Ligand SMILES: *Cc1c(COP(=O)(O)O)cnc(C)c1O
């Protein structure tokens, strides 16, 4: 039997349950239609302006938002705006998706990877300070820190911010997975010197592909937009005195974003309800552990992640789910273990390696039905 037939057979048995799939709210098409009707089919227009305004209002701090083509583009511009260039060192959380680190290489800089702590799975304050001191002793002060709210769980913001301030190093707050998360009632995206969001297809809301940069003043936002639109000088002809990029968001996609912003709070509530469902039905198992919110932390529960006792058990579970046409996924493989990044300095104590070996992301979409969740839980209980 060829693969296609096998797949057809399986889907006949059970519908596929995805890890995290797009979930439209309803008014997206209205805004996209508006763009067509007014012929704003361009990387600028009313949807882009409105989407930016809505994000700024949602984050509810004085942020200036630039809608871009991706979260990766936003990190790239953020690092460049903070002055990162060839030969510089940039500290980056090792336990993350590669898009947090790749832009460091785009700029000819060197990533320095730092491991996580166990309470939030994000940047360890102790190892961060150790890395900063060590790099400074080597004669190079890091130019920036890329800190990540992985799976929507905020990093230890007060500790990390204090260390960054003490040494005068700016933070790029990678909130790609944390739109809707908060720390002490303040929304993620507003804590770093520059924050970023992603609207990729698997994120909590999506524009199919897209991102945003959140600046602390209008001048930085303007610089971001300038660089994102080919760095055109103020002249009647096309003149350029710096290297630019084509990173602006399309007005069509911003229309999808406008519709998605209207349902963002519902999406957060649905993902948090998924987490609660899993915890309620699996929390008693000794083989399954959940990541709890520390006091003051609010996680959007983008993905519900569980820790199992071992790599072998995690794989057994993943394959048992796959066999029932249910998608699950190991936690992110740390950057310091990735073939493209092994040559760079890293400060690790085994925490993220251990999480990677034992951790599994369960189906977490806001569009999952109770039956989908029950099916998933049943397989895990059967393989306990
Ligand atoms: C998705 C993601 C990005 C990149 O966003 P894109 O929009 O896909 O370019 C960056 N960092 C993290 C942690 C992500 O999960």
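Any read-out appearing in this document is the output of simple, stated calculations on the displayed coordinates, not a laboratory observation. Note that this is a predicted model, so its numbers are computed, not measured. Every residue, glycine as well, gets a Cβ built from its backbone with ideal geometry; the counts of neighbours run over all protein chains shown.
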Going fewest to most other Cβ atoms within 10 Å around each Cβ, 184, 143 line up as 184, 143
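Sort 52-62, 111-121 by packing, meaning the average of other beta carbons within 10 Å per residue, with the highest value first. Can you show the working numbers first?
Details: 52-62: 16.5, 111-121: 22.6.
Result, highest mean Cβ count within 10 Å first: 111-121, 52-62.
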Note on the range 288-343: alpha-carbon gyration tensor, axes a ≥ b ≥ c; rule is a/c under 1.5 for rounded, else prolate if a/b larger than b/c, else oblate; result oblate
Neighbour-count ranking for 140, 221 (other C-beta within 10 angstrom, fewest to most) reads 140, 221
Taking 231-237, 175-181 and ranking on average Cβ neighbours within 10 Å, highest first, one gets 175-181, 231-237
A chain fully extended from residue 141 to residue 158 at 0.36 nm per residue, minus the present Cα-Cα distance, gains in nm 4.0 nm
Candidates 359, 296, 195; GNM for the chain (alpha-carbon contacts under 10 Å) flags as most fluctuating 296
Inter-part gap, Cα centre of the range 193-250 to Cα centre of the range 141-179, in whole angstrom, is 21 Å
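Can you give the convex hull volume per residue for the Cα atoms of the range 28-261, as a whole number of Å³? Kindly include the intermediate steps, with their values, before the conclusion.
Numbers: hull volume 26.4 nm³, N = 234.
Dividing the Cα hull volume of the range 28-261 by its residue count gives 113 Å³.
Please report 261, 24 as a ranked list, fewest other C-beta atoms within 10 angstrom at the top and most at the bottom. Show your work: numbers first, answer last.
Details: 261 21, 24 14.
Placing the least packed residue first, the sequence is 24, 261.
How high is the FRET efficiency from residue 320 to residue 369, r the C-beta distance, R0 25 Å, rounded to 0.05?
Values: r = 20 Å, r/R0 = 0.82.
Efficiency, from the Cβ-Cβ distance: 0.75.
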With label points set 7 Å from each Cα along the Cα-to-Cβ direction at residue 290 and residue 378, the distance between them in nm comes to 2.1 nm
Between the alpha carbon centres of the range 92-122 and the range 352-377 the gap in Å comes to 24 Å
